[in-house]
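Chemist: After the structure tokens below, expect a handful of questions from me.
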Amino acid sequence: MFLTSALRTMLTRSVKPFVFEGIDESEAKKPLYYIKEKNLGLYVHIPFCRSICAFCPYCKVLYDEQTAKDYTDALRKEIALVGNELVEFKPVGNALAENGQISDEKGKNQDFQKKRATSLYFGGGSPGLLAHSLGRIIGELKKYFIIEEGIGVELHPSDVTKETLSVLKNAGVTMISTGIQSFDENCLASLGRSAADYGKIFSLLREAQFDVIDVDLIFAIPGQTIESLKADILKAFELGATQISTYPFIDFTYANNKEKPLKEKYKKDMLYAIAEFCRGQDLDRTSVWTFAKKGTQKYSSITRDSFLGFGVSATSLLKTQFKLNTFSIPEYIKRVDKGIKPISLRVNFTPRQRAVYYLFWRAYGMKIDEKSFNEFFDASLSSMYGFEMALSFFLGLVSKEIQTDENGNTYKTYTLTDKGAYYYHFIEQQYTTSYIDKMWSISRLESWPKQIVLR
């Protein structure tokens, strides 16, 4: 708590906390103003699971066929509510793309320009449970957006079947992420999971020929060793993964884990060992916790300058705001059926608060680009955070390179070192337990919170 408060005060140059205000129906009707956002990503949350894993902190419920159908209908309505803002404002600009056309309530055709989106990701929960509905959801999104870099879907290992993969492929899905967590049976038992037929699972994934096969692995599981973790990484790539995402085991206050994560010392040793081992395998470190085969596309649903989220608990990050949807499926459906966006909370960023958020996720991707920062904020990185970047370089947290753009102008890029990646990892866990845990704990219990203050 002290660390996150101190860093927030230092980086925002203010003692003011992040204040998330509740959104009433009249406020939720206002446009999201995403039209001029660049590098915009799309995310859809599918909260349904066959069983509930104690270690998973995300918004999820047990699958029910009727609820899933009602939720799918509501998702398409929410997408239309947000997408119709393109029709209403009819803006012109470089961030927009080809013409689209929809019919209004009176059946009259309305012309508009579709918005470019970098990518679309489905997370959960277990999106594979709604595989036959994802095509309709994607179709609804494509009425308003042009998706340029592919479509990714998270799959529980039990959802990897020939039929499901075929359905997803036909719907336009190009990337798959499967939550293996570990191939070690003792580690899986600590997480409340059991082993699966991995040979068959990956044979099906390889045959389907997706552009990306990401494998989620967890480290710092009780009983796990560095050697067993290395074995997990090696096996994932041997079976056909193009990327692995190695997340630390975090014990959320509302989780029901029988086992607790290993101490921070072991997490530190493991993260350094993962980085060294993956370098030895000639893999690219594409984020603090992800490693990929060279020349392959990356699976990353959050490293976008801005994004729109659809579904319960989904977030939307814009140039000046961050918004969170309600966690309640019944309340989500009820509000969307009334023609109102299901936003429960909003924070209006100060310029420095937004800059901190920007730098946080750019650092997660291992690289902070001075030119991109300057263009996004219309202010220089050196003027806003010159001292912090110089200190990070002095402490060995980042390396520095001078780049030259097409006009001959020079700028700096900062890349996290292994040391920097570890300290990012450490701060991110503090942030998660101080901020995310608190916000999600409240949102799970209150459909429409009045206010959440994050100090």
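The values are calculated or read from the model by the stated rules, or taken from the named source; none is laboratory data. Note that the structure is a prediction, hence the values are computed from the model and not measured. With ideal geometry, Cβ positions are generated from the backbone for all residues, glycine too; neighbour counts draw on all protein chains shown.
Chemist: Of the residues that sit in the stretch 324-351 and are among the polar types (S, T, N, Q) and modelled with pLDDT of 95 or more, which one is surrounded by the most Cβ atoms within 10 Å (Cβ to Cβ)?
Modeler: Residue satisfying both the conditions and the ranking: Asn325.
Chemist: Can you tell which of Lys169, Lys143 is under 18 Å from Leu120 (Cα atoms), over 20 Å from the mean Cα position of the chain (by Cα) and modelled with pLDDT under 95?
Modeler: That would be Lys143, the only listed residue that is under 18 Å from Leu120 (Cα atoms), over 20 Å from the mean Cα position of the chain (by Cα) and modelled with pLDDT under 95.
Chemist: Can you say whether Glu238 is among the acidic types (Asp, Glu) and in a loop (DSSP other than H, G, I, E, B), as far as the supplied structure shows?
Modeler: no
Chemist: Scan Phe377, Phe349, Phe426, Phe360 and give me the residue that is more than 16 Å from Leu317 (Cβ to Cβ) and not small (Gly, Ala, Ser).
Modeler: Of Phe377, Phe349, Phe426, Phe360, the one residue that is more than 16 Å from Leu317 (Cβ to Cβ) and not small (Gly, Ala, Ser) is Phe426.
Chemist: Whether any residue in the stretch 49-58 is surrounded by 15 or more Cβ atoms within 10 Å (Cβ to Cβ), in the same structural domain as Asn325 (by TED's automatic domain parsing), hydroxyl-bearing (Ser, Thr, Tyr) and more than 19 Å from the chain's Cα centre (by Cα) is what I want to check.
Modeler: no
Chemist: Filter the stretch 11-44 down to the residues that are within 19 Å of Pro449 (Cβ to Cβ) and among the aromatic types (Phe, Trp, Tyr) and list them by number.
Modeler: Phe18, Phe20
Chemist: Collect the residues in the stretch 293-307 that are among the polar types (S, T, N, Q) and part of a loop (DSSP other than H, G, I, E, B), keeping them in residue-number order.
Modeler: Result: Thr296, Gln297, Ser300, Ser301, Thr303.
Chemist: Which one is nearest to Glu331 (Cα to Cα) among residues in the stretch 395-447 that are in a loop (DSSP other than H, G, I, E, B) and of a type in the set (Gly, Ala, Ser)?
Modeler: Ser447
Chemist: Looking at this structure, is Glu185 free of Cβ contacts under 8 Å to residues at least 12 places away in the same chain and acidic (Asp, Glu)?
Modeler: Criteria met by Glu185.
Chemist: Sticking with this one: Considering only residues that are crowded, with 17+ Cβ neighbours inside 10 Å and hydrophobic (A, V, I, L, M, F, W, C), which ones fall in the stretch 248-272?
Modeler: Listed by number, the residues that qualify are Phe249, Ile250, Phe252, Leu262, Met270, Leu271.
Chemist: What pairs can you find where one residue is in the stretch 116-142 and in the same structural domain as Cys49 (by TED's automatic domain parsing) and over 19 Å from Leu205 (Cβ atoms), the other is surrounded by fewer than 23 Cβ atoms within 10 Å (Cβ to Cβ) and of a type in the set (S, T, N, Q), and their Cβ atoms are less than 6 Å apart, with a gap of 6+ or different chains?
Modeler: Close Cβ pairs satisfying both conditions: Thr118/Asn39; Ser133/Thr72.
Chemist: Collect the residues in the stretch 183-225 that are assigned to a loop (DSSP other than H, G, I, E, B) and within 20 Å of Gly150 (Cβ to Cβ), keeping them in residue-number order.
Modeler: Within the stretch 183-225, Gln209, Phe210, Asp211 qualify.
Chemist: Would you confirm whether any residue within the stretch 3-19 is assigned to a strand (DSSP E or B), modelled with pLDDT of 90 or more and surrounded by fewer than 16 Cβ atoms within 10 Å (Cβ to Cβ)?
Modeler: Among the residues of the stretch 3-19, at least one is assigned to a strand (DSSP E or B), modelled with pLDDT of 90 or more and surrounded by fewer than 16 Cβ atoms within 10 Å (Cβ to Cβ), which makes the answer yes.
Chemist: Output the qualifying pairs, or none if there are none: Cβ atoms under 7 angstrom, residues six or more apart or on different chains, first residue in the stretch 395-419 and free of Cβ contacts under 8 Å to residues at least 40 places away in the same chain and not assigned by TED's automatic domain parsing to the domain that holds Arg285, second residue outside any strand (DSSP E or B) and among the hydrophobic types (A, V, I, L, M, F, W, C).
Modeler: From residues that are free of Cβ contacts under 8 Å to residues at least 40 places away in the same chain and not assigned by TED's automatic domain parsing to the domain that holds Arg285, the pairs are Lys400/Phe393; Thr417/Leu397; Lys419/Leu397.
Chemist: Has the stretch 265-285 got at least one residue that is in a loop (DSSP other than H, G, I, E, B) and touching a Pro at 6+ places or on another chain (Cβ under 9 Å)?
Modeler: No, there is no match, as no residue in the stretch 265-285 is in a loop (DSSP other than H, G, I, E, B) and touching a Pro at 6+ places or on another chain (Cβ under 9 Å).
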